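Computed from the coordinates by the stated procedures, all read-outs in this text should not be read as laboratory data. Small disclaimer: the values here were computed from a predicted structure and weren't measured. Positions of Cβ are backbone-derived with ideal geometry, glycine not excepted, and every protein chain shown enters the neighbour counts.
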């Protein structure tokens, strides 16, 4: 390995380690503090639940149906119990499909009964034995409940303290949001996209050029436009497009788990539902022809497809103005001749050559805007 390459790799790893060297602490929290904990476990289903209920994107424990159930059981008020139960089951009906869990009446009732049983047993014991997991996300205020929404809700309703382990966000990402499918998070132990909150990196990835790439685009390209991000990964390009002036962005991603995490970051970054994500397999699924977007993002996705002609189909039938197209390393327009011939663009503008990744600084990824 060349000395220069080794030095770059060690530099990236040192930077990555600096971001994730938070001390893990154990702390005890009281009721008023617990009620202000923030919800962390957003997914593509429960985000719609909170939106339908006109709740803010920043949801706290006191606003969860979990807390309403625990509080109603504590009070013994039969009307409150029925109301809280309905809302809790409604929440599960939105949330569970995102995790592939069947929302049969028996499954829902069993989950509710187990929760009520835990509330009653905890009340009888006068203490909560389990430890919850919290984190603080750089750029955001307060603690987020990574694991333990039900337990925090019970503790707050019963006026009991809760013991919590507080992890740094990079460690939370690695332990609770790791996705080994499709995008190889084992590659240097880094996700493909760096994770941003309010345009600042909170977890380094193999690509750190999201906003640098957006800055190379013509200033008027995204302003007020609708954008379709095909193969959006964890959603940072889609969120970045919205923060760069786009009016509405839809990201398509083959992995349901990644769609859930992308939705989570859209919630954290106050972009949802102006930025939303769908599970979609470009190789086999098809968009309705009535769905039209001004701009398409097709960023380093072409060669990953079994049927790249499906990408051209989307560009031809669902994008009306232009496609922002990032090529794979060391490729040129000839490598995408079939795509270009199928769509028949009127003008092509090369706007940049980008680095392969943080480990390979050579400017080998071409970036074009294909105008229709």
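Annotation for residue 121 and residue 90: the two label points, set 7 Å from Cα along the Cα-Cβ direction, are 2.9 nm apart.
Shape class of segment 67-135 from the Cα gyration tensor (axes a ≥ b ≥ c, square roots of the eigenvalues): oblate, since a/c reaches 1.5 or more and a/b does not exceed b/c.
Among 46-58, 114-126, the peptide with the highest mean count of other Cβ atoms within 10 Å heads the list, and the full ranking is 46-58, 114-126. Tell me the Kirkwood hydrodynamic radius of segment 40-87 in angstroms, computed as one over the mean inverse distance between distinct C-alpha pairs. This gives a value of 11.5 Å. Compactness ratio of segment 239-304: Cα Rg over 2.2 N^0.38 Å, N = residue count? Output field value: 1.13.
For the pair residue 212 and residue 346, a Förster radius of 22 Å applied to the C-beta separation gives a FRET efficiency near 0.20, rounded to the nearest 0.05.
Principal axis extents of the C-alpha atoms in segment 232-273 (largest first, rounded to whole Å): 27, 17, 14. Of the peptides 207-220, 64-77, the order by per-residue mean of other Cβ atoms within 10 Å, starting with the highest, comes out as 64-77, 207-220. Working note: Cα gyration tensor of segment 311-372, eigenvalues times five, square-rooted, sorted largest first, giving semi-axes of 23, 11, 10 Å. Could you give log10 I(q)/I(0) at q = 0.12, 0.14, 0.20 Å⁻¹ for segment 260-339, computed by the Debye formula over C-alpha point scatterers of equal weight, without solvent? Log10 of I(q)/I(0), two decimals: -0.42, -0.56, -1.04. Antiparallel beta bridges, as assigned by DSSP with both residues in segment 39-172, represent about 30 percent of the total such bridges.
Anisotropy class assigned to the chain is prolate, per the alpha carbon gyration tensor with a/c at or over the 1.5 cut-off and a/b larger than b/c.
Counting every other Cβ atom within 10 Å of each residue's Cβ, 359, 94, 325 order from fewest to most as 359, 94, 325.
Spatial offset of segment 295-372 relative to segment 17-89 amounts to 42 Å, using the alpha carbon center of each.
Pull up the DSSP beta bridges for the chain and report the antiparallel fraction as a percent, rounded to 5. In the chain, approximately 45 percent of DSSP beta bridges are antiparallel ones. Using only the Cα atoms, work out Rg/Rh for segment 195-317, with Rh taken as the Kirkwood radius, to two decimals. We get a ratio of 0.94 for segment 195-317.
Note on residue 171 and residue 306: the extension gain reaches 45.2 nm, defined as 0.36 nm multiplied by sequence separation minus the Cα-Cα distance. State whether segment 25-173 is rounded, prolate or oblate according to the following rule on the C-alpha gyration tensor (a ≥ b ≥ c being the square roots of its eigenvalues): a/c under 1.5 gives rounded; otherwise a/b larger than b/c gives prolate, and the remaining case gives oblate. Taking the square roots of the gyration eigenvalues as a ≥ b ≥ c, segment 25-173 is oblate. Report note on the peptides 242-250, 300-308, 330-338: ranked by the mean count of other C-beta atoms within 10 Å, highest first, their order is 242-250, 300-308, 330-338.
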